[in-house]
Amino acid sequence: MQQGDIRFVKMLVLVNGLTPLALLVWDQSRHRLGANPQNFLILTTGMMTLIFLMLTMAVTPVRKVFGLNWLIQLRRMFGLFAFFYGCLHFLCFYSLDRAFSLSSTLHEIVARQYLWFGITALLAMVPLAITSTNGMIKRLGGKRWRALHRLAYVAAIAGAVHFFMQVKADVRLPLAFAALLAVLLGYRLLDWWRRSKRAPATAAAVKS
Ligand code: HEM
């Protein structure tokens, strides 16, 4: 794919990523967020966080299976959108549900197990966002950067568990997210296993 084309695709991702936020702001300004706008804002930003986390996790498997190497150039945007909506989600909870009370927020997080997973997911994304720049990749070195970015798995798994634990009755959607994540992580595990099997064989061939 040409550089101009990838710039266009990135612009599409940017517009699509910001559209849910624009719609939330627009609907909120016209009091059209339903009977419980606070809850609607928390749920929608939570859903956007999870969707972008899944997109981030899907980049490598889809790129390898379909040979779409240019997809790698979108991974940082997906990850940053996940972090952005994750921060908004937390901010909505902190402001609308906990009335900006730090002690009440901490108390609630300690008291509710589904929030342990939510906060774990959000905290796991902090170092990922901080080290997402080209300068940080250079400073850390590829190997250490890749090791640190395994935290993305922690964020995705904890986010999916948080979603599963907070639903009251219908678990179909959380299960669908969990199944998708299992497929994406399963692919990575298989890929790692195949490569680790190949590595000793290559080393033996070089020696002989
Ligand atoms: C990466 C981190 C997180 C992800 C992926 C995430 C995702 C989600 C999702 C998908 C939902 C349900 C949306 C729906 O039903 O449509 C949700 C609900 C919720 N999340 Fe999170 N969340 C995260 C972090 C947090 C954090 C840090 C907090 C607060 C400390 C939090 C508090 C809540 C609350 C209060 C609800 C609504 C529960 C209810 O109304 O029953 N989340 N989250």
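Bear in mind these aren't lab numbers, they're just calculated from the coordinates by the rules spelled out. All figures in this text were calculated on a predicted structure; none of them were measured in a lab. Note: ideal-geometry Cβ built from the backbone for every residue, glycine included; neighbour counts use all protein chains shown.
For residue 74, what charge total do you get from the other residues with a beta carbon under 11 Å from its beta carbon, if Lys and Arg give +1 and Asp and Glu give -1? Summing Lys/Arg as +1 and Asp/Glu as -1 gives +4.
About its Cα centre, the dipole of the stretch 95-159 is roughly 520 debye, where the only charges are +1 on Lys and Arg Cβ and -1 on Asp and Glu Cβ. Placing +1 on the Cβ of every Lys and Arg and -1 on the Cβ of every Asp and Glu, with nothing else charged, gives the chain a dipole about its Cα centre of roughly 1140 debye.
Relative to the longest principal axis of the Cα atoms of the chain, the long axis of helix 113-130 lies at roughly 60 degrees.
Starting from the Kirkwood Rh over alpha-carbon pairs, what translational D in µm² s⁻¹ does the chain have by Stokes-Einstein at 20 °C and 1.002 mPa s?
The estimated diffusion coefficient comes to 112 µm²/s.
Computed over the stretch 1-101, the percent of Cα pairs more than 16 Å apart is 62. To the nearest ten degrees, helix 3-29 and the longest principal axis of the Cα atoms of the chain are 20 degrees apart. Counting only alpha carbon atoms, the long axis of helix 102-111 and the longest principal axis of the chain meet at about 70°.
Which order do the peptides 155-168, 48-61 take when ranked by the mean count of other beta-carbon atoms within 10 Å per residue, highest first? Write down the numbers at each step before the final one.
On the way: 155-168: 19.4, 48-61: 21.4.
My ranking of the peptides, most packed first, is 48-61, 155-168.
Taking all Cα pairs closer than 8 Å and separated by 6 or more residues, the relative contact order of the stretch 112-181 comes to 42 percent. The residue among 113, 127, 166 whose Cα reaches farthest toward the positive pole of the charge dipole of the stretch 112-181, with charges on the beta-carbon of Lys, Arg, Asp and Glu, is 127.
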